[in-house]
Structures are given as structure tokens and as C-alpha cells.
Amino acid sequence: LDIGHLENYHSNMLAWLLDVNGGHHIGSTYFRNLVSGPIQKKSQKEMEETVDMDWESFSVYREFPVENDEKKGFIDIFCISEEKKCVICIENKVESSEHSNQLQRYADFVEQEYCEKGYKALFMYFTPTGETPSDARWIKMNYHELYDITCTAIRNIVDDKIRGIAEDYRDILLKTFANANDFQYCITQANENVICKDFPDLECVKVTS
């Protein structure tokens, strides 16, 4: 459909995979794998202990409304556990960039509306190449990491139809966002996928130059 470069479709797919009740039958696997890395990067041991083994308590929302300083905005993916008093925000940029200090405004809003009431918060900033966010509270993530997380989740999918959807998304992540600098990574990953699937007794050949 040539929509792999459109931000909303990626955010919709991410929100679906993160939702433990999304109908994909992988439970909290995707959520746990996506969030655990950033928590460790931030050394937020307290948050990790709070949410570990209880990802099912989170509700996932798309385009969560934010309003402060007379400006309105929407957090791409907003995950909240009222039970664990924890908020996880994901801002996703594909062919666009930050504007109007949105990362700062969004983090300020969450801290004012939730953290001051005892909630813990984690902010994740996704871009294909892992651009550095303008606000230090956000943890940068790239689409290579997202690809790896998706590959891991696919192993837990039993339903053939759901697996096909996830595999298509995995392939889009690999192909659409690969550029000249990513050529070695792209070819190596594609080679591993083919070798492991069709020739399980052979070792994968790594691209070195």
C-alpha cells in the first residue's frame, strides 16, 4: 500500500502490539521487551520493580491530548497503569521532526498531572535513526531496536494470521528505513532470516565489507 513511511500507521501498529488485550495473542511480550531496555538505560530500578510481571495493568491510548501554556498537542502513544501509578509515553517521528518544544511540553504536562501525584514516568522518543531528543527526559530509540524487538515477539505468536501481520511489519521496518549506512546491517539481517528459515543446518554468513 506504500504507507510504510507514514507515521500514524507505525504508531497504530505499535499501540496494537503494546496493548495486552489487542487480539494478537502475545500478551505483554511486546510491551515488556520494548520498555525494559529504556528502563535499564535510565537506571530506573524502582520503576522496573514496580511494573515487572504486571504489564497487564496498563491501558494504551493513541493521540492522548495534552494542553499547557495555552498550547494543545497529542502524545502519540500513552500507556498508564492506575494500579501501579506508572505512565509510559512514546513519541514517534518518521518523516517529521520535533516542533513547538513539544517534547518539553509533553514531559512537563505528565510531570505536573501525574508525577506530582505520585506516578512514575518513562518517556521514549522513536525515530528511524535514533535522533537525539531536545529534552533530556526522553530516551532515544531507533528503528533497528524496534526491528529486533519485533523479531523477538514474533517467536511467541502461534496464530498464523497474526504472525503474518507481524512479519509484514518486521519486513517493512527492515526495508523502508534502511539507507546506505545501514546496508551491512540490512543484508546481514535479511540473510539470517532466510538462512534460519530455509537452511537451519547452515551457519549464517556475516557481511563484513
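The values are calculated or read from the model by the stated rules, or taken from the named source; none is laboratory data. Since the structure is predicted, the reported quantities are computational estimates derived from the model, not experimental observations. Cβ sites come from the backbone with ideal geometry, for glycine too, and all protein chains shown count toward neighbours. Heads up: the accessible areas ignore ligands, DNA and RNA and are worked out on the full protein's heavy atoms, side chains in. Shrake-Rupley method; radii C 1.70, N 1.55, O 1.52, S 1.80 Å.
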Sole residue being open to solvent by 20 Å² or more (accessible area, probe 1.4 Å) and in a loop (DSSP other than H, G, I, E, B), chosen from Glu131, Glu145: Glu131
Close pairs (8 angstrom Cβ cut-off, 6 or more residues apart or separate chains): modelled with pLDDT of 90 or more in the stretch 78-97, buried (at least 21 other Cβ atoms within 10 Å of the Cβ) and among the charged types (D, E, K, R) anywhere: Ile90/Asp76; Glu91/Asp76
Options Cys186, Cys151; residue that is at pLDDT 75 or above and in a helix (DSSP H, G or I): Cys151
Looking only at the stretch 14-36, and only at residues there that are within 17 Å of Met141 (Cβ to Cβ) and open to solvent by 30 Å² or more (accessible area, probe 1.4 Å), the one that is modelled with the lowest pLDDT: Ser36
Residue within the stretch 136-148 that is modelled with pLDDT of 70 or more, aromatic (Phe, Trp, Tyr), under 24 Å from Val94 (Cα atoms) and in contact with a strand residue (DSSP E or B) (Cβ under 8 Å, 6 or more places away or on another chain) present: yes
Residues that are more than 17 Å from Val35 (Cβ to Cβ), within 12 Å of the chain's Cα centre (by Cα) and polar (S, T, N, Q), drawn from the stretch 106-147: Thr127
Where a residue in the stretch 103-132 is more than 17 Å from Glu67 (Cβ to Cβ) and touching a residue at least 24 places away in the same chain (Cβ under 8 Å) and its partner, wherever it lies, is assigned to a loop (DSSP other than H, G, I, E, B) and hydrophobic (A, V, I, L, M, F, W, C), with Cβ under 6 Å and at least six apart: Pro128/Phe177
Unmet criterion (only one of (1) closer than 21 Å to Val66 by Cα; (2) out of contact with any Cys (no Cβ under 6 Å at 6 or more places or on another chain); (3) touching a residue at least 40 places away in the same chain (Cβ under 8 Å)) for Ile149: (1)
